[in-house]
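Peer 1: Dropping a structure here in structure tokens format, bear with me for questions.
Laboratory data are not the source of any read-out in this text; all were calculated from the coordinates shown. Note that the structure is a prediction, hence the values are computed from the model and not measured. Cβ coordinates were reconstructed from backbone atoms using ideal geometry, including for glycine residues, and neighbour counts include every protein chain displayed.
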Amino acid sequence: MAKAYIGLGANLGDREANIRRALSLLQEMEVARVRRVSNLIETEPVGGPEGQELYLNGAAEIETQLSPCDLLEALKIIEVSVGRIERERWAPREVDLDILLWEDEVVCNKILTVPHPRLCERMFVLRPLADIAPAAVHPVTKMTIAEHLAKLAGEEEQ
């Protein structure tokens with residue numbers, strides 16, 4: 001079983017219910033075992049069209065037997081099952097599931113890049129991830145999630 005971390009987000013409909021339903025489907029579909037889930041935090045939208053509602057964001061630690069690409073495919077199926085409709089990039093969404101980290105591996109191909117390419121730039125990702133995995137090490141930077149969070153927080157204060 002591989003350990004991975006998934007980013008969770010939603011800003012349309014019943015945001016918390018959508019995220020909880022996606023986590024349930026991960027287990028019901030035998031895609032993964034959800035081991036830990038962060039607190040959900042409300043955040044401002046980053047990018048995308050003006051006037052979006054606030055997001056709920058979180059992170060989950062999972063164990064899976066799927067490959068990273070097969071997990072991505074399963075996450076996309078779960079998003080649609082929860083009601084996600086494809087829109088423009090960074091548009092509002094019913095649920096969004098992203099692979100943030102996969103073990104201590106780097107994955108880069110046509111359909112998937114792990115660690116998530118903007119992981120270290122986004123407070124709404126780092127805060128929930130640090131809630132459940134502060135000591136997890138980013139395989140490229142070799143910094144912990146807690147260190148990345150502190151660094152980004154320091155940059156935002158300036």
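Peer 1: Once you wrap a convex hull around the alpha carbon atoms of the chain, what is its projected area averaged over all directions, in nm²?
Peer 2: Hull-based average projected area comes out at 9.0 nm².
Peer 1: For R36 paired with L54, estimate the spin-label separation in nm (one decimal), with each label point 7 Å from Cα along the Cα-to-Cβ line.
Peer 2: Spacing of the two 7 Å Cα→Cβ label points: 2.6 nm.
Peer 1: I would also like to ask the following. Let me know the number of lysine pairs in the chain closer than 19 Å at the Cα, not counting same-chain pairs under 8 apart.
Peer 2: For the chain, the number of qualifying lysine pairs is 4.
Peer 1: Tell me which residues come under 5 Å, amide H to amide H, from E53 once H is placed; ignore anything under 5 positions away on its chain.
Peer 2: Residues meeting the amide H criterion: none.
Peer 1: Given H placed 1.01 Å from N in the peptide plane, which residues other than close sequence neighbours of I99 have an amide H under 5 Å from its amide H?
Peer 2: G7
Peer 1: Please list, in order along the range 64-76, the HN-Hα scalar couplings obtained from phi with the Karplus expression 6.51 cos²θ - 1.76 cosθ + 1.60 (θ = phi - 60°), rounded to whole Hz, x for Gly and Pro.
Peer 2: Taking θ as phi minus 60°, the curve returns 8, 9, 6, 6, x, 5, 5, 5, 4, 4, 5, 5, 5 Hz for the range 64-76.
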